Amino acid sequence: MSYVNVHKRREARAAYVFLAPWFIGLLLVTVGPILASLYLSFTDYSLLEEAQWVGLGNYREMFLEDTRFIASLRVTTIYVIVSVPLQLIFALILALALDRGLRGLSFYRSVYYLPSLLGGSVAIAILWRKIFGSDGLVNGVLALFGIEGPGWVSDPDTALGTLILLHVWTFGAPMVIFLAGLRQIPQSFYEAASVDGAGTLRQFRSITLPLLTPIIFFNLVLEVIKSFQSFTQSFIVSGGGGGPADSTLFYTLYLYLKGFKSYEMGYAAAMAWVLLLLIAGLTGVSFLTSKYWVFYGDTK
Amino acid sequence: MKFSSRTTTWTVALLSVVVMTTASACGGGSGGDPAENGKVSIVFAYWGSDARQKLTEEVIKKFEAKNPTIDVEGDFSSWDSYYEKIATKVAANDAPDVMSIEIRGLSEYAGRGALADLSGKVPAADLDQQVLASGQIKGKQYAVPTGVNAFSMVANPAALEKAKKELPEDTSWTWDQWAGLAKEISATGSGVTGAEYNFNPAFLQIYAAQRGEKFYDGNKIGMSAETVKSWWAIHQKLIETKGSPDAAKSAEIGSTGPEQSLLGTNAGAMGMWWSNQLNALTKSSGQEMTLLRMPKAEGATTGGMFLQPAMFYTASAKSEHPAEAAKLIDFLVNDPDAAATLLSDRGLPTNAKVLAAVKDKLPAVDQKTLTFIEEVKSELSPIQAPPKGALEMEDILQRNSEEVLFGKATPDAAAQKFLSEANAAIAG
């Protein structure tokens with residue numbers, strides 16, 4: 001008996017010892033800086049000088065005076081609202097197509113997943129810049145039809161559109177999750193439905209879609225969180241400034257510019273916290289509304 | 001399964017390793033530890049190309065050979081990430097002992113107490129005193145200029161010839177004439193665009209000076225909205241007459257360096273660049289370029305051009321080895337041996353003796369720049385370090401200029417917005 005207890009305690013101790021590296025890392029590298037940034041968000045910290053307490057000054061300036069902050073919020077919101085649904089619809093369509101027992105499925109799955117792995121990278125952003133440049137591939141193709149295209153990435157009217165396209169193109173990750181979700185739906189449902197005379201569309205609407213809502217919900221929350229934090233694409237495609245004329249000024253890019261270009265680290269920290277609250281709020285709303293449209297097979 | 005005492009020993013060892021590495025990670029990098037065998041080690045931070053890194057490593061070796069007790073560690077990064085790196089290191093109390101800084105960052109760093117006063121520590125008697133003054137803030141010599149540049153008009157004579165145009169008389173030409181020439185060159189159908197414009201604050205500074213206004217007047221913008229608007233009118237005129245590419249195409253080219261520019265790719269005849277960029281333009285285009293004076297505003301009494309230090313050497317205020325840091329800076333600006341390696345990489349040397357010693361070794365392009373600068377020297381305006389916050393000026397100017405050229409804002413509104421944003425940036 002006592003031997004077991006001693007053993008258990010020893011095991012627990014060993015577990016803590018093995019947990020320690022991770023835990024120390026978490027405290028020093030994650031929790032510490034997070035709390036420090038909360039403190040800094042109430043200061044005028046410039047990186048080069050000691051921080052001075054300014055209370056809510058940063059937050060007040062952000063919402064009342066800083067027109068670029070509002071502009072960056074606008075650009076980011078448009079980006080999220082347009083690109084996330086488009087990306088999910090695209091992912092779902094491809095998942096449905098791939099789910100029809102295609103031969104070489106794993107090959108196609110990998111191919112379509114590839115952009116998701118690459119999409120956030122610097123290399124792809126540079127490639128995008130080239131493709132949508134005024135002498136780029138897109139305009140080259142358009143020229144074949146006698147159309148003279150604009151410089152897509154350097155025209156403020158179209159620049160954000162190219163970034164949205166880049167995001168939609170990285171549909172692979174949600175697609176793979178959709179595929180897994182589709183596999184979870186019992187075939188017997190479809191068999192029963194077709195016996196009752198339901199067509200493909202009807203089956204999709206009444207079986208696939210409802211049973212897939214938990215997956216859609218999951219993908220939606222994940223992608224909204226991810227796209228609010230997009231940085232690389234706009235940083236590279238706009239050449240680091242969110243241009244032309246602030247048309248691609250993502251929230252995180254503006255945060256970075258404030259912190260590292262204007263030396264307003266306190267302000268940047270405050271922006272990070274506003275972003276955190278914003279994302280937490282949106283996620284909260286998604287969870288609250290989910291009970292009205294997400295259907296879990298096991299509840300009722 | 002029983003834990004042997006050996007296992008316990010292992011876990012303890014593992015844990016202590018973890019604790020030690022984290023502890024040393026926190027305390028690490030304080031820099032300047034008294035190095036082995038009595039040497040003092042200092043860090044020298046700079047940005048630039050691979051070519052500059054090679055030259056700098058070479059010059060560091062020369063310095064170490066002359067000063068066997070000093071160990072210099074070059075800390076190199078690309079321009080894009082340079083200030084982030086420096087700012088972070090300063091914040092972490094780990095500032096490099098010697099830092100390169102360009103003129104727009106000078107007030108930022110000196111004003112925030114990051115730089116040491118070098119007066120009397122680095123001999124400066126042989127340096128061009130007027131240029132040297134640009135490294136002073138409130139009477140303290142925080143920075144020593146590495147060399148000088150002038151923002152000027154660069155023309156490709158071959159491209160002009162192709163369009164059957166002659167090199168203009170640059171002592172008296174006006175912006176209108178320049179834009180007219182650009183239009184004519186584009187219109188010849190030789191495939192060469194007349195000119196490329198830019199939003200470099202140096203361009204606006206020169207233009208404002210020609211209208212009798214200062215870009216910076218102390219901690220305020222000294223330009224009127226009228227000046228900014230008529231400066232944009234030059235750009236608009238170029239676009240309308242096709243003397244330059246349209247706004248989108250220009251934005252695309254503008255965000256890249258001299259190698260990708262119209263001049264650099266033999267697709268344009270004229271552009272405005274810093275004189276030390278002549279090298280890159282010449283190399284990438286394979287053409288011999290000519291430096292010209294900037295055109296003037298109608299009725300201007302001054303050309304408004306100015307010499308600007310390519311960059312400065314500065315020392316950290318918190319360096320543990322200020323004497324050694326000063327010694328390195330002294331070597332870099334005053335020793336002909338250093339200049340023999342660096343040549344004009346950091347601008348043309350301003351030390352008259354050093355310049356005389358290396359003059360003949362300078363490549364042809366630099367000889368040309370030197371001749372040009374000496375020719376226009378008497379017409380140049382004095383330089384001043386722009387106020388704190390000037391690092392942001394280029395972004396602010398570009399943003400508002402783009403809004404005008406893309407038709408997103410009226411020149412009136414944009415000029416007001418530019419002035420208020422610019423004033424806010426430098427007010428702090």
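Laboratory data are not the source of any read-out in this text; all were calculated from the coordinates shown. Note that this is a predicted model, so its numbers are computed, not measured. Every residue, glycine as well, gets a Cβ built from its backbone with ideal geometry; the counts of neighbours run over all protein chains shown.
Quick notes on this one:
- Dipole check for chain B: with +1 at the C-beta of Lys and Arg, -1 at the C-beta of Asp and Glu, and the Cα centre as origin, the magnitude is about 460 Debye.
- Overall form of the protein assembly as shown per C-alpha gyration tensor (a/c, 1.5; a/b vs b/c): oblate
- Förster radius 45 Å - calculated FRET efficiency between B:Q416 and A:F218 (Cβ-Cβ, nearest 0.05): 0.40
- Residues of type lysines that B:K361 reaches as a straight line, Cα spacing below 19 Å, ignoring anything fewer than 8 places off in the same chain: B:K54, B:K62, B:K283, B:K353
- B:Q177-A:W22 pseudo-label distance in nm [points 7 Å out on the Cα-to-Cβ vector]: 7.5 nm
- Rounded to 0.05, the FRET efficiency of the B:K140 and B:S77 pair, given R0 = 35 Å and the Cβ-Cβ distance, is 0.80.
- For chain B: Kirkwood Rh in Å [reciprocal of mean 1/r, alpha carbons]: 23.6 Å
- Take every pair of alpha-carbon atoms less than 8 Å apart whose residues are at least six positions apart; their mean separation over the length of the stretch B:239-346 yields a relative contact order of 14 percent.
- Using 0.36 nm per residue and subtracting the Cα-Cα separation, the extra length available between A:A193 and A:I34 on full extension is 52.0 nm.
- Going from the residue with the fewest nearby Cβ atoms within 10 Å to the one with the most, A:L86, B:L118 rank A:L86, B:L118.
- Per residue, chain B reaches -14000 deg cm²/dmol at 222 nm when only DSSP H runs of four or more residues are counted, each adding -39500 (n - 2.57).
- By the rule of a C-alpha distance below 18 Å, with chain neighbours fewer than 8 residues away ignored, the aspartates and glutamates paired with B:K162 are B:E184, B:E196, B:E288.
- Site pair A:F295 and B:S119 shows an inter-label distance of 8.1 nm when each label is modelled 7 Å from Cα along Cα→Cβ.
- Summing Lys and Arg as +1 and Asp and Glu as -1 over all other residues whose Cβ lies under 10 Å from the Cβ of A:G241 gives a net charge of -2.
- Under 19 Å from the B:K39 label point (7 Å along Cα→beta-carbon), backbone N, the stretch B:312-346: B:320-329, B:331-332
- Most positive-pole-ward Cα, A:A143, A:A97, A:G240, against dipole of the stretch A:67-293 from beta carbon charges: A:A97
- Per-selection metrics, the stretch B:44-115 (Cα): Rg and Dmax in Å: 13.1, 35
- Dividing the mean sequence gap of close Cα pairs (under 8 Å, 6+ apart) by how many residues the stretch A:67-293 holds gives a relative contact order of 28 percent.
- Net charge dipole, the protein assembly as shown: roughly 2480 debye, given to the nearest 20, about the Cα centre with Cβ charges of +1 for Lys and Arg and -1 for Asp and Glu.
- At least 15 Å along the helix axis (C-alpha) and Kyte average at least -1.0, DSSP helices within chain B: B:5-27, B:79-91, B:175-187, B:225-240, B:322-334, B:364-376, B:393-405, B:411-427
- Inter-site label distance for A:L165 and B:A65 at 7 Å from Cα along Cβ, in nm: 5.6 nm
- Per-residue Cβ neighbour rank within 10 angstrom, fewest leading, A:S37, B:S172: B:S172, A:S37
- Reachable lysines, given that their alpha-carbon falls under 26 Å from the alpha-carbon of A:K258 and they are not under 8 places away in the same chain: A:K226, B:K85, B:K89, B:K220, B:K318, B:K388, B:K408, B:K417
- Counted by Cβ distance under 15 Å from B:D217, the other residues give a net charge of +3, where Lys and Arg count +1 and Asp and Glu count -1.
- For a label point 7 Å along the Cα-to-beta-carbon line of A:Q229, residues of the stretch A:242-272 with backbone N under 17 Å: A:250-256, A:269-272
- For chain A: rounded, prolate or oblate by the Cα gyration tensor [a/c cutoff 1.5]: oblate
- Backbone N atoms of the stretch B:290-309 closer than 14 Å to the 7 Å Cα→Cβ label point of B:L167 belong to residues B:290-293.
- Least to most buried among A:V221, A:V111 (fewest other Cβ within 10 Å first): A:V111, A:V221
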